Amino acid sequence: MSLPPATSSILRIKFLISRRLVPTMTQVAKKTIDPFTQLDGLIPVLSDLYTAIKSKHEKAALMMDKLMGTIATITDANPDAALAAIHLSKQTSPLKQPIYCAVISHLFAQQQQLDEHRTRALMQAVLFCNITFYEFQVLLNRMDGKLTEAQRIKLEKHPLQSATLMEAAGFMDPHMIKAIRQHHERPDGSGYPNHLPSKDISDLALVVSMCEVYTARIDNRAHRKPVLAREALAHFQNDEDPRIKGLLLNFAKSIGIYPPGTWVKLANGETAIVVKRQKNSPIPLVRALFDANRIPYMGPVRRDTTNSDYKVIGATSPPARPSVELSALFD
């Protein structure tokens, strides 16, 4: 006899907690961490956490702490590999987006030097801002056309509904709640649900918005192809507000002008993949995988992008399927 879905989810939650399937920093050796598999492996954990929060399960807070700690652990062990896993992802679950946003928010918090309280609030906000909406996202991601009026209303209500659900479950941090409520507001007043002007939108809400817009636009959807990473936040780049410019600058610094896992064209015509950011330079480390005639190399070729012959001249897309396993480039 099969169990009802809700009962099955609660039993799974208890199993996850008892067996410690969500590891903490002290439980994981750095060499065992692989963002390419482990980030997507957190998707069912996040799904179970959503169920726990909605049912006000007594262990929901513990599960949340473990999940957030695991994301931080995976990211800190190899930030460039974590970013590459996001940019090279083939995952289709809508729950990948909050996981990937949490990685980026963690890196942003370090770049922005946020205190522990705001760092936690920011990661909570990106993980749970769509908790009442993610099932509907499956439909939206597959749609190729305009929303119906009923769908538009549902879309515009979800920031307030998600914030209300989190408060009802006992998660009351005001910075998190405000960020969730405002994460679809836009600096020009065109956002929802309240069409707030820029001055009334919190910094954390703006960062949540940047994370969401960025991860959505680099992803493939039914109604559009992914954009290049440098184009993903174009509508923020036109804002003259010094506050927003500062947040956007630190967002760019946290992931890199050319993020790991993205493709670039070199001055000699080669196509290369970015494998690492450099702390004190916007110039990335790359490996060439296609020659100037778009023919794949047998293996990755190290190129010094400070050399004028191999200078990065812009972002691009790979001309064909690479001949190497890309995840192996980020050890």
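The values are calculated or read from the model by the stated rules, or taken from the named source; none is laboratory data. Note that the structure is predicted; figures quoted are calculated from it, not measured. All Cβ positions, glycine included, derive from the backbone under ideal geometry; neighbour counts span all protein chains shown.
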Could you count how many residues in region 60-110 are of a type in the set (S, T, N, Q) and closer than 18 Å to A232 by Cβ?
4
Any idea how many residues of region 284-315 are surrounded by 15 or more Cβ atoms within 10 Å (Cβ to Cβ) and assigned to a strand (DSSP E or B)?
14
Return the pair list, or none, for Cβ contacts closer than 8 Å from residues in region 275-295 that are of a type in the set (S, T, N, Q) to residues that are not in a loop (DSSP other than H, G, I, E, B), at least 6 apart or on different chains.
Q278/P284; Q278/L285
Go through D200, D219 for me and flag whichever is under 26 Å from T119 (Cα atoms) and buried (at least 16 other Cβ atoms within 10 Å of the Cβ).
D219
What number of residues within region 316-331 are surrounded by fewer than 16 Cβ atoms within 10 Å (Cβ to Cβ) and part of a helix (DSSP H, G or I)?
1
2 or more residues of a type in the set (A, V, I, L, M) and under 14 Å from the mean Cα position of the chain (by Cα): qualifying helices (runs of 4 or more DSSP H) within region 196-261
203-217, 242-255
If you go through region 282-331 one residue at a time, how many are of a type in the set (K, R) and modelled with pLDDT under 95?
1
Given the options T148, T132, name the one that is surrounded by 17 or more Cβ atoms within 10 Å (Cβ to Cβ) and free of Cβ contacts under 8 Å to residues at least 40 places away in the same chain.
T132
So L326 ticks every box in (1) over 25 Å from the mean Cα position of the chain (by Cα); (2) of a type outside the set (S, T, Y); (3) more than 14 Å from Y258 (Cβ to Cβ) but one. Which box is left unticked?
(1)
Looking at region 227-282, which of the residues that are within 20 Å of V312 (Cα to Cα) and touching a Ser or Thr at 6+ places or on another chain (Cβ under 7 Å) is surrounded by the fewest Cβ atoms within 10 Å (Cβ to Cβ)?
A267
Any residue in region 59-72 that is over 22 Å from M176 (Cβ atoms) and at pLDDT 95 or above?
no
State all residues of region 218-264 that are out of contact with any strand residue (DSSP E or B) (no Cβ under 8 Å at 6 or more places or on another chain) and of a type in the set (S, T, N, Q); if no residue qualifies, say none.
N220, Q237, N238, N250, S254
Are there any helices (runs of 4 or more DSSP H) wholly within region 87-191 with 2 or more residues that are modelled with pLDDT under 95 and assigned by TED's automatic domain parsing to the domain that holds A234, and if so which?
134-142, 149-168
